[in-house]
Structure formats: structure tokens, C-alpha cells
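Some notes on the structure that comes next.
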Amino acid sequence: MTKASDLFVAALEAHGTEYVFGIPGEENLDLLESLRDADIKLVLTRHEQAAGFMAATYGRLTGKAGVCLATLGPGATNLVTAAAYAQLGAMPMFMITGQKPIRTSKQGHFQIVDVVDMMRPLTKYTRQIVSADSIPARVREALRRAEEERPGATHLELPQDIAGDDTDAILIPASYARRPIAEDKAIRQAADAIAQARHPLLMIGAGANRKTTSRMLRQFVDKLGIPFFSTQMGKGVIDETDPLWLGNATLSDGDFVHRAIDAADCIINIGHDVIEKPPFFMRKGRRTVIHINYASAVVDPVYFPQVEVVGDIANSVWQLGEALSPQPHWDFAFFDRVRNALVEHLGDRADDDRFPLVGQRLVADVSRAMGPEDIVCLDNGLYKLWFARNFRCRNPNTLLLDNALATMGAGLPSAIAARIVHPDRRVLAVAGDGGFMMNSQEIETAVRLGLDLTVLVLRDDAYGMIKWKQAHEDYPNFGMDLGNPDFVKYAESYGARGHRPDSAAAFLPLLQRALDTPGVDLIEVPIDYDDDDRILNEDIPRLSAAVE
């Protein structure tokens, strides 16, 4: 006979689980004791939400479900935002929550909420374990569902009395599975549409951000020479220093990339996820859009592709590459002008000496400091637009941003998980002062774990993006301004090092020293968003018109 909690942990070990992120409670004590002797490391965090963000980021970087743990009631409700973050962002994550004994009750409904029903709209799979005998099947299914395409969040509730039961159930080994591939007719139809086009254009979305798909896309682009752009969560799938790169669909309209989109008569849409903001607006009859994804298109007023290739994306891209050859009537001259204008514009203000820093100087200096394999983890704020647009990624998952739930508070926990997964790479967290303070307590977690981590806190003493939007729409300034601690002293109180540059010129050397010094460093950087309205709404349309 085996104790149920031991069997639960054995099921995780059999799946290859390395870490459990979270905060246990008294209802998890059996599971905690089972973890104590396991090969799985418990990463104790300071908030359940942060644990969920770490688990989701682990899943995003590895493709294997990140696991997080919370107790019942408030511990479980604190996972809700992280569940939505993983589910909308297609990050494999498995949540475990405790519960009061379900066969007897000595405390009435104290701390009890229906966690399974609460998680239902936020997960792919959620169940309460009512029998120790069902643990192997439930854990196996939760992990399988989290990882299969489209990835997302799953949840199991393990009640206190069930965790302490004995069982003679045995583990269920993982089955061998291959994703279906697209049929030949669909490949031929897509290949014909691309071959007949005069100005084909490749779009790379979040679903293409997989290792094998990245390799196939690299081969596809090298063979055919078709220019490409990406959504925010598709950044880095193909090296963005490539001469065929046309930018990132960061802004809603009017940027350089939208001039290329408007000129395209066929858009090959690889892995677009409608959770992201529309990378372009479709208009009937203007162009052919080819949808290549694991599942058929979710049609809405701005996305209604005429050709669909449904199946494993990497295989579909490979088949298309085999079916196509460069066509003499393809014309990419206008796309070349777009790229040249874009690259010139991205260098604008990269050496601006104003202080507080402007967004372009910030991104340029971070780009100078980070290597091609290093990882930048963004929280959410106005600066995210500048990083998505101006930071040119050389490799997949080297700029981790959230363009799905777009929640604040995830930047620092995401960076902690990235450093755990990739201890050989330098990792930088970038957060506004508003987002940073939502999970700033995890600085202690990073220090306690002995991580080498650098954190940029961009200080404007406001909820900057909403304040910018408020002003942009001619509302008076109201309800956006904040007070802040001394972030240097705040970092030092946790045992980290705190820094504050006094000029634009001082920022890059300080950042480079922090990245190259072991331990946790926090840099408070004053940021100026006042120029953004003019840059985004005057400069870009004016300069993008120059490509005509």
C-alpha cells in the first residue's frame, strides 16, 4: 500500500517534474512531507500569484507543465490571475490546491469556496480528487492536457483526508502520441495561393514559438526569400536581424509594418492566436489570408482566413517549403523599402541624452548590454510597446512579454523562473513601478535562492500607460499618480544591491556591471513617457509615409 500523497508526488516525478512553486497550507501537509523526500525541489514563494507566474513561465520555456501549489480558500483564489495568464498565454501549467476533508467536517464552511468551479472557465481541466485510487489517472490527464496543443492551465484539488489515505493504485505511464498533420489537399491549396501571389508576406504568431517550428521556418525563409513580421509573442522565432524582417505588429495601425501588410496580396499566417491583439485588420476581398495552425481558425470580424491548413505547424511549414520554389513574379521591392525605413527609424533617439530616460534610449541600452541568448522578462506598461517594437530578438523566448492577459505583476516572478530554467544565461526583469510593487516581495525569493538576477524598475510615480491613454483621449489627469518607496533602500532591505543612475550616460555601464556581478541587483531608472504621444501618433505615420 502507498500513501496517496506519496503516489501523487511519484506521478509528478514520473513525468519529469523538477520544481513545485508555491506556498503550502495545513491542508497540504501530507503532500509537503511527500515532497520532502522527493527529487522535486520546492520553491517557496511569498505570494501564490507569483508562484503561478513562475510555473507558467517554466512551462513557456520548457514545454513541460510548470507545477504550482497552494492551500484552499485564499491560497487557491490567489492563483486565479496566474491561471488566466497561463491559459490565455498558452503556457503549460498544473495547479495543485488543498481542501478541507470531504468525508467529515469540523469547521463548517470556514475558508471553503468551490475552487473546482472557480477554475473551470480559466483552465483546460479541473477536478477534485475524491479517491486515492484515481490519483494516477487524474495527475496523468492534468499534465497531458496542460502540455498538448494548445497548451494552458490545469488544476487538481487534493483534499486533506484523501491525501492521507492508503492505496494500491499504480502509476499510469505516459502514452506515445504524435500530432495529426495537415492533408495534402490543404497543403496544395495553400502552396498554389502563395505561388500565384505577387507580394506574399509571412506572419509569425505565438503558436509558432516552438523549437521545431522555428527551425522549419528558418529553412522556409532561407529557401523562398519571403519577408516576414511577427506578433509580440512571436518575436525571435526567426532572427530579427535578418534582412527579410519587417518588424513587429506592436501598434494597432499606422506603423511601418502596416504599410507592408497593406501592400501584401497574400499573408501566410503561421500560428496566429486570436488571444493576441489583431496583428492586422482584414478587409473583404483585399488579400488572401492563409491560416496555418494546430486548430482551425476562430473567425471574427477582423479574422476570416480564406485558406486553412490545420495540423502540426512545423510539419505544415516543412510541407509548404517542399511544395514551393521562388517565383519570378514575386515582387518584394516595396517590402525592402519598408525595412530600410524601419531600421533607420529604430535608431532614432537611441542615443538621446535626456534624463529621465526616454523609451528608445532605454531599449537601445538594454539591447547593447544583453547577449543574443540572454533573456529579458517584461512586466506590463507603456515601455512594453518600445521593447516589442525596438528590441530585436536573435532567438526564440529571449524577450518574454505577455500580450494575452497582459497582467501587471508578472515580470519579476517570470524572471526568477527564467533564471532557474537557464542558469547559464543572464536574465533581466523590466517592470514599471506600478507592476513591480504588485509582486516586489519576490526579491526576497530571488535572494534566498541565490540567483544572479538584475531588475530594472522604471519609475514615473504613476500608472504610466493608463495616464498616457487618459491624456491621449483628452481626459484630465485623475487617479493615476503614485507614491513610491526608495527602491534602492527597498532592495537593500531584502539583501539585494540597489542602484540609481544620475544621467542617461551612467545607465548602460551600471546595467552592464549589474548583469556581470553575481547576486540580485535592482536599478531604479527614472523614465519619461511625455514624448510617446508625439512619437507614436506623429513621427511614425509621417516617417512610414516616406516608404511610398
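The values are calculated or read from the model by the stated rules, or taken from the named source; none is laboratory data. Treat the numbers as computed from the prediction; the structure is a model and nothing was measured. Heads up, the Cβs are rebuilt from the backbone with ideal geometry, glycines too, and the neighbour counts pull from every protein chain shown.
Things worth noting here:
- Residue that is free of Cβ contacts under 8 Å to residues at least 12 places away in the same chain and either assigned by TED's automatic domain parsing to the domain that holds Asn78 or part of a loop (DSSP other than H, G, I, E, B) (or both), where the choices are His155, His109: His109
- Only a single criterion out of (1) out of contact with any His (no Cβ under 7 Å at 6 or more places or on another chain); (2) over 20 Å from Ser214 (Cα atoms); (3) surrounded by fewer than 22 Cβ atoms within 10 Å (Cβ to Cβ) is not satisfied by Tyr294, namely (2).
- Flag for Ile270 being touching a Gly at 6+ places or on another chain (Cβ under 8 Å), outside the structural domain of Pro151 (by TED's automatic domain parsing) and β-branched (Val, Ile, Thr): yes
- Just one of the listed residues (Ala142, Ala146, Ala169) is in a helix (DSSP H, G or I), of a type in the set (Gly, Ala, Ser) and in contact with a Pro (Cβ under 9 Å, 6 or more places away or on another chain), and it is Ala146.
- Qualifying positions in region 331-353 - surrounded by 17 or more Cβ atoms within 10 Å (Cβ to Cβ) and under 30 Å from Ala182 (Cβ atoms): Phe332, Phe335
- Residue within region 58-72 that is of a type in the set (D, E, K, R), touching an Asp or Glu at 6+ places or on another chain (Cβ under 9 Å) and more than 21 Å from Tyr19 (Cα to Cα) present: no
Let's see how each residue does on (1) charged (D, E, K, R); (2) modelled with pLDDT under 95; (3) surrounded by 24 or more Cβ atoms within 10 Å (Cβ to Cβ):
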{"residue": "Phe355", "(1), (2), (3)": "no, no, no"}
{"residue": "Ala364", "(1), (2), (3)": "no, no, no"}
{"residue": "Ser367", "(1), (2), (3)": "no, no, no"}
{"residue": "Pro372", "(1), (2), (3)": "no, no, no"}
{"residue": "Cys377", "(1), (2), (3)": "no, no, yes"}
{"residue": "Gly381", "(1), (2), (3)": "no, yes, yes"}
{"residue": "Pro396", "(1), (2), (3)": "no, no, no"}
{"residue": "Ala404", "(1), (2), (3)": "no, yes, no"}
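- Hits in region 298-317 (condition: within 23 Å of the chain's Cα centre (by Cα) and farther than 18 Å from Asn209 by Cα): Val298, Tyr303
- All positions within region 272-315 that are charged (D, E, K, R) and assigned to a strand (DSSP E or B): Asp300, Glu308
- Looking only at residues in region 448-480 that are surrounded by 18 or more Cβ atoms within 10 Å (Cβ to Cβ) and small (Gly, Ala, Ser), the one that is modelled with the highest pLDDT is Ala462.
- Out of Asp168, Asp192, one residue alone is without any contact (Cβ under 8 Å) to a residue 40 or more places away in the chain, farther than 30 Å from Gln111 by Cα and more than 30 Å from the chain's Cα centre (by Cα). It is Asp192.
- Residues of region 222-243 classified as outside any helix (DSSP H, G or I), surrounded by 20 or more Cβ atoms within 10 Å (Cβ to Cβ) and of a type outside the set (D, E, K, R), total: 9
- Residues located in region 275-299, provided they are closer than 24 Å to Leu405 by Cβ and at pLDDT 85 or above: Ile275, Glu276, His291, Asn293, Tyr294, Ala295, Ser296, Ala297, Val298, Val299
- Considering residues of region 166-190 that are of a type in the set (A, V, I, L, M) and closer than 26 Å to Leu122 by Cβ only, the residue surrounded by the fewest Cβ atoms within 10 Å (Cβ to Cβ): Ala177
- Test: residue in region 151-165 that is more than 30 Å from Thr81 (Cα to Cα), touching a strand residue (DSSP E or B) at 6+ places or on another chain (Cβ under 8 Å) and crowded, with 19+ Cβ neighbours inside 10 Å: yes
- Residue in region 397-409 that is within 19 Å of Asp374 (Cβ to Cβ) and of a type in the set (Gly, Ala, Ser) present: no
- Selection over region 499-548 of residues that are assigned to a helix (DSSP H, G or I) and at pLDDT below 75 gives a count of 16.
- Among the residues making up region 87-105, a single one is touching a Leu at 6+ places or on another chain (Cβ under 6 Å), crowded, with 24+ Cβ neighbours inside 10 Å and assigned to a helix (DSSP H, G or I): Gln87.
- Cross-chain or 6+ apart pairs with Cβ under 6 Å, region 214-240 first and among the polar types (S, T, N, Q), then part of a loop (DSSP other than H, G, I, E, B): Ser214/Val237; Ser214/Pro396; Thr231/Gly205; Thr231/Ala249; Thr231/Glu276; Thr231/Pro279; Gln232/Leu401; Gln232/Asn403
- Among all positions in region 471-493, there is no residue which is free of Cβ contacts under 8 Å to residues at least 40 places away in the same chain, in a helix (DSSP H, G or I), assigned by TED's automatic domain parsing to the domain that holds Leu382 and under 27 Å from the mean Cα position of the chain (by Cα).
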